[in-house]
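**Q** Before I ask anything, let me first share the structure, which is written out below as structure tokens.
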There are 2 protein chains.
Amino acid sequence: MNIPRVDLPRIVVVGCGFAGLKFVQTINSKQYQIVLLDKNNYHTFQPLMYQVATSGLEPDSITYPIRKIFKGKKRFHFRKTSVERIDTEKKQVHTTIGPIEYDHLVVAVGATNNFFGNQDVEKYAVPMKSLLESLQLRSMILQNFEEALNTSDIEEQNRLMNFVIVGGGATGVELAGALAELKAHVLPNDYPDLDIRRMEIHLVEGADSVLAAMSDLASKKSYDFLKKSGVNIWLNTRVESYDGETVITNKENFASKAVIWTAGVKARTLPGLETGGSKNGRILVDDRAKALAHEDVYVIGDMAEMRSDENPRGHAMLASVAGQQGKWLASNFNALARGKETKAFVYKDKGTMATIGRNKAVVDLKKFSFSGYFAWLTWMFVHLMLLVDFRNRLIVFTNWAWRYIKYDRGSRLIIREFKRSEPNIKQTETTKKSSV
Amino acid sequence: MNIPRVDLPRIVVVGCGFAGLKFVQTINSKQYQIVLLDKNNYHTFQPLMYQVATSGLEPDSITYPIRKIFKGKKRFHFRKTSVERIDTEKKQVHTTIGPIEYDHLVVAVGATNNFFGNQDVEKYAVPMKSLLESLQLRSMILQNFEEALNTSDIEEQNRLMNFVIVGGGATGVELAGALAELKAHVLPNDYPDLDIRRMEIHLVEGADSVLAAMSDLASKKSYDFLKKSGVNIWLNTRVESYDGETVITNKENFASKAVIWTAGVKARTLPGLETGGSKNGRILVDDRAKALAHEDVYVIGDMAEMRSDENPRGHAMLASVAGQQGKWLASNFNALARGKETKAFVYKDKGTMATIGRNKAVVDLKKFSFSGYFAWLTWMFVHLMLLVDFRNRLIVFTNWAWRYIKYDRGSRLIIREFKRSEPNIKQTETTKKSSV
């Protein structure tokens, strides 16, 4: 990798999710040379991926080219590459385009799907933790209805139209709500030859409530909203196996060729980095985000386990934590360069929210929670504001306004076919050792 | 394929390009049962594919879901499938989802790339005749700059940044203009580590002018516009071979890893259909579009060769011809059902146009030609109006307005990587026998 050395310490940043993005936006490139590595040439706004999967938005609305974000930034170099391993002895990152030396390394490659070792589920269920997986999921959803048209076997039709979403966290709840809207407003028009009333949406959750990480009000209201939208909710229900046709749980079994997995995430790993004693694959760091097991290596975002009295198992894997850590760590580097003191990380909880569909959302702020139409407006406003720039906001807003008025969605395009027999994306996403 | 027979003649339409689309929009489904087959679930507005390839528009702006277009149409059935062969004896279309019977068959599967038997060129050059190929071309363009960053071999860098567009028709000219805009306004910001002035754009044309099918004014003006934009134009120059690194022509040779093929198209073929004596693979039809070699088989659009005194070799392969033939043939069917006479096809030339970039276009109307800023406004207006519905128009207009004001383009996303060694899309697009 031919990036010239300059007379400044070099920080290599691996990963341009929320943590890496905010870090590079905040770091003072008069004090450091910055090299950013990511396997994609774009940043993904993950909270809206479920809308790509359900034909509500196109990929360009929720992604942003990395080179454009950092246009004009001096002493900044982006390279689109995959990281193979870290050599903390020689202070080198080994990539598909050769090694690169670092003075400081910031690792922020985030999380991926966790199937908890269940290989059958991993093989047949469709996850949604990357843009490509979202597009794959969209193809699966649409193709299932195309396939249902071509069989006169009623049971096979049911399997194709029987959607089982595993996991009642924000992703599962938002997907279930979006599928319910497709069922109510879009699919009956698109498939007049099918009786769409036979489409079923099941949400399977192991705990005793949906959105368990949110407030009681949010859990209860989202449960009610989903019920009212026609989603069947199965609490205290854990998936035991799935052979591509039947989901076996500790309670109910489901005949389904449309199982969506949102039940677990785990930190990605990078060969050469020691966890430092974490039990769940995250990298244990101190309150300055420095990896316990290595010098000059910092870990932020979903990958990092920063323990404190308040968070004995580390912070939640949230976009907001990742973004704040990115900004905070860069500020610490900036302070160091000016001879000032660094600060310990303090998470500012600005609230969490989830949307269940038209006019329905739940919002938890620090002091109080609310739900319904006003929560939905809040959700829309906050997500529009969080999108990276004005053009994305404009396109997303146009799409949303259109949908709201017309009860319609964007283009239901199957650009790449989903292949049931060879879920190729999933394999490359989850079984590769290096994952930047 | 379980589509119930009704007490009406069944017309099976193969292909939903401009010809198939207009046919189904016009046919009276009180008189006929309509079955439309296409391998994609969307219609593609091909004239704007070059903007997808050059990061100007996203796929959803130039595609439209077929089911949505025909929402509410009675006795209409769409199936997403590939046609394997036609059995004109038994009057059946054999597809990947089983056979289907027809009373009348309308074939409109259009054209594909023509490499004139040059397998090396087919292997290494990137074509742009489908949405997937446009996306592949986008990935190739962007990846070349990413790769150029990672080599210190100056010659390799030049090969990666040396774009050779083969074919000076509308597609080649519009692509060259769009690449020139990328070079002038976008790439220098995106790749500050590269000297983008070293990027070269060559347009290679075998005839003695560009846009040879248009007026002399259009040819001359587009030549001037391209020259002014920095495009190198090589007339009377024919590509003889390309090994992935060097293009050999009858005049100049080019070291390039970025060869784009827009030099030829040919009719697609469907096993079971006889050409009826056409020399170029099209299907010879009479002035009612009936295939000479078969009963109850009609062919329209690029595939059809409808000879007349004015067009001894058939009509040009143009979207406008295809659309008009679709509408006209459906009107004939409608007339027949009411016991009226059918009419012979008469092509109404409403003009042709091409855009070369910001404020630059050429327009040929029947009586006169013009170019420049007003031509460019005309081009924009006509293409916006031709896009299928209001939402697409709105999104495209937003994108274009943004680009015009900001000298910027949409998201430069590499969603699927282009693999130089295995140009997979091209293979499935051009070597499969059946091609619906």
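**Q** So, how do all the Cα-to-Cα distances of the stretch B:260-382 break down into 5 Å bins, in percent, from 0 on up?
**A** 2, 10, 17, 17, 16, 14, 11, 8, 5, 2, 0
**Q** Here's something else I'd like to know. Out of A:Val362, B:Asn311, B:Ala267, whose Cα points farthest toward the positive end of the dipole of the protein assembly as shown (charges: +1 Lys, Arg; -1 Asp, Glu; placed on Cβ)?
**A** A:Val362
**Q** Rounded to the nearest 500, what is the protein assembly as shown's calculated 222 nm mean residue ellipticity when only DSSP H runs of at least 4 contribute -39500 (n - 2.57) each, over all residues?
**A** Details: 28 runs with 282 residues, N = 872.
Value at 222 nm, helices only: -9500 deg cm²/dmol.
**Q** What translational diffusion coefficient, to the nearest whole µm²/s, does the stretch B:172-292 have by Stokes-Einstein, given a Kirkwood radius computed over alpha-carbon pairs, a temperature of 37 °C and 0.692 mPa s viscosity? Please list the in-between numbers first.
**A** Values: Rh = 17.3 Å.
Rounded to a whole number, D works out at 190 µm²/s.
**Q** Further question on the same structure: At a Förster radius of 51 Å, what calculated FRET efficiency corresponds to the Cβ-Cβ distance of B:Phe368 and A:Asp103, to the nearest 0.05? It would help to have the intermediate numbers written out before the result.
**A** Values: r = 67 Å, r/R0 = 1.31.
Using R0 = 51 Å, I get an efficiency of 0.15.
**Q** Using a label position 7 Å from Cα in the Cα→Cβ direction, what is the ascending list of nm distances from A:Gly117 to the same site in the other copies?
**A** 6.3
**Q** Right, here's the next one. With every atom except the alpha carbons ignored, what do you get for Rg and Dmax of the stretch A:1-155, in angstroms?
**A** Considering the stretch A:1-155 through its Cα atoms, Rg and Dmax are 19.7, 71 Å.
**Q** Stick to Cα atoms and the Kirkwood definition of Rh, then tell me Rg/Rh for the stretch B:294-344. Please report the intermediate quantities before stating the final value.
**A** Numbers: Rg = 11.9 Å, Rh = 11.9 Å.
Computed over Cα atoms, the ratio is 1.00.
**Q** Enumerate by residue number the chymotrypsin sites (Phe, Trp or Tyr not before Pro) in the stretch A:65-157 meeting two conditions: DSSP loop (anything except H, G, I, E, B), and at most 13 other Cβ atoms within 10 Å of the site's Cβ.
**A** On the way: sites: A:Phe70, A:Phe76, A:Phe78, A:Tyr102, A:Phe115, A:Phe116, A:Tyr124, A:Phe145; in loops: A:Phe70, A:Tyr102, A:Phe115, A:Phe116.
Counting only loop positions with at most 13 other Cβ atoms within 10 Å, the chymotrypsin sites (Phe, Trp or Tyr not before Pro) in the stretch A:65-157 are A:Phe116.
**Q** Percent antiparallel among DSSP beta bridges with both residues in the stretch A:1-114, to the nearest 5? Don't jump to the answer; show the numbers that get you there.
**A** Values: 11 of 25 bridges.
Bridges in the stretch A:1-114 that DSSP calls antiparallel: roughly 45 percent.
**Q** GNM, chain B, Cα, under 10 Å: largest mean-square fluctuation among B:Pro188, B:Pro59, B:Pro312?
**A** Comparing B:Pro188, B:Pro59, B:Pro312 in the GNM, the peak value goes to B:Pro312.
**Q** Right, another one. What distance in nm separates the simple spin-label points at B:Glu274 and A:Arg420, each placed 7 Å from Cα in the Cβ direction?
**A** 4.1
**Q** Quick check for me: using +1 on Lys/Arg Cβ and -1 on Asp/Glu Cβ, what's the dipole size of the protein assembly as shown about its Cα centre, in debye to the nearest 20? Can you show the working numbers first?
**A** On the way: 120 positive and 96 negative charges, 475 e Å.
My answer is approximately 2280 debye.
**Q** Moving on to the next point. Give, rounded to the nearest 20 debye, the magnitude of the charge dipole that the stretch A:1-115 has about its Cα centre when Lys and Arg contribute +1 at Cβ and Asp and Glu contribute -1 at Cβ.
**A** Values: 16 positive and 9 negative charges, 95 e Å.
Here the stretch A:1-115 has a charge dipole of around 460 debye.
**Q** Charges only on Cβ, +1 for Lys and Arg, -1 for Asp and Glu: so what's the dipole of the stretch A:158-287 about the Cα centre, in debye to the nearest 20?
**A** Numbers: 15 positive and 17 negative charges, 26 e Å.
The dipole magnitude comes to about 120 debye.
**Q** Between A:Ala335 and A:Ile3, what is the spin-label point distance in nm, taking each point 7 Å from the Cα along the Cα→C-beta axis?
**A** Result: 2.5 nm between the two label points.
**Q** Where does the stretch B:109-224 land on Rg/Rh, using Cα atoms and the Kirkwood Rh? Can you show the working numbers first?
**A** Values: Rg = 15.5 Å, Rh = 15.7 Å.
That ratio equals 0.99.
**Q** Separate question: Take the Cα pairs of the protein assembly as shown, get the Kirkwood Rh, then feed it into Stokes-Einstein at 37 °C and 0.692 mPa s and tell me D in µm²/s. Intermediate values should be presented prior to the final figure.
**A** Numbers: Rh = 29.1 Å.
Approximately 113 µm²/s, per Stokes-Einstein.
**Q** So what are the stretch A:112-165's ellipsoid semi-axes, whole angstrom, largest first, if each one is the square root of 5 times an eigenvalue of the alpha-carbon gyration tensor? The partial results should precede the final answer.
**A** Details: eigenvalues 117, 41, 10 Å².
Working from the Cα gyration tensor, I get semi-axes of 24, 14, 7 Å.
**Q** Give me P(r) over the stretch B:35-86, computed from all C-alpha to C-alpha distances, binned every 10 Å, as integer percentages.
**A** For the stretch B:35-86, the binned pair fractions read 23, 40, 29, 8 percent.
**Q** Let me ask something additional. Could you pull out the GluC sites (Glu not before Pro) across the stretch B:283-374 that fall in loop regions by DSSP (anything but H, G, I, E, B) with no more than 11 other Cβ atoms inside 10 Å?
**A** Working: sites: B:Glu295, B:Glu305, B:Glu310, B:Glu341; in loops: B:Glu295, B:Glu310, B:Glu341.
Here the sparse-neighbourhood loop sites are B:Glu295, B:Glu310, B:Glu341.
**Q** Another question about this same structure. Pop the C-beta distance of B:Phe397 and A:Leu384 into the FRET formula with R0 = 22 Å and round what comes out to the nearest 0.05. Working shown, then result.
**A** Details: r = 20 Å, r/R0 = 0.90.
Calculated value: 0.65.
**Q** Taking the label point as lying 7 angstrom from Cα along the Cα-to-Cβ axis, what are the distances from B:Asn250 to the corresponding position in the remaining copies, in ascending order and in nanometres?
**A** 7.8
**Q** Next up: Note the per residue figure in Å³ for the convex hull of the C-alpha positions in the stretch A:334-422. Mind dumping the intermediate values first?
**A** Details: hull volume 21.0 nm³, N = 89.
That works out to 236 Å³ per residue.
**Q** So, one more: Using DSSP to define loop residues, name the GluC sites (Glu not before Pro) in the stretch A:10-108 whose beta-carbon has at most 15 other beta-carbon atoms within 10 Å. Show your work: numbers first, answer last.
**A** Numbers: sites: A:Glu84, A:Glu89, A:Glu101; in loops: A:Glu89.
Of the GluC sites (Glu not before Pro), the ones in loops of the stretch A:10-108 whose Cβ has at most 15 other Cβ atoms within 10 Å are A:Glu89.
**Q** While we're here: Report, please, the projected area of the stretch B:63-115 averaged over directions, based on the convex hull of its C-alpha atoms, in nm². Don't jump to the answer; show the numbers that get you there.
**A** Details: hull surface 21.9 nm².
Projected over every direction and averaged, the Cα hull of the stretch B:63-115 covers 5.5 nm².
**Q** While we're here: Taking only Cα atoms of the stretch B:79-175, what ratio of Rg to Rh do you get with Rh as the Kirkwood inverse-distance radius?
**A** Numbers: Rg = 20.2 Å, Rh = 17.2 Å.
Ratio value, two decimals: 1.17.
**Q** Still on this model: Label-point separation (nm) for B:Ala344 and A:Phe116, each offset 7 Å from Cα along Cα-to-Cβ?
**A** 7.5
**Q** Turning to a different aspect of this structure: Tell me, rounded to the nearest percent, the portion of alpha carbon pairs in chain B spaced more than 44 Å apart.
**A** Numbers: 11398 of 94830 pairs.
Counting every Cα pair in chain B, those more than 44 Å apart make up 12 percent.
**Q** Specify, per residue and in Å³, the volume enclosed by the convex hull of the alpha carbon atoms belonging to the stretch B:10-70. Working shown, then result.
**A** Working: hull volume 4.6 nm³, N = 61.
Cα convex hull per residue, to the nearest whole number: 75 Å³.
**Q** Which Cα, out of B:Ala111, B:Pro99, B:Val173, lies furthest along the positive dipole direction of the stretch B:50-177 (beta carbon charges, K/R +1, D/E -1)?
**A** B:Pro99
**Q** How far, in whole Å, is the closest Cβ of chain A from the axis that maps A onto B, and which residue does it belong to?
**A** In chain A, the Cβ lying nearest the symmetry axis toward B is A:Glu58, 3.
**Q** Another one. Just to confirm the numbers: B:Glu417, label point 7 angstrom along the Cα-Cβ line, distances to the other copies in nm, shortest first?
**A** 2.4
Read-outs throughout are calculated quantities, based only on the coordinates presented, and are distinct from any laboratory measurement. Please read these numbers as outputs of a predicted model, since none were measured by experiment. Glycine also receives a Cβ, built like all others from the backbone with ideal geometry; neighbour counts cover every protein chain displayed.
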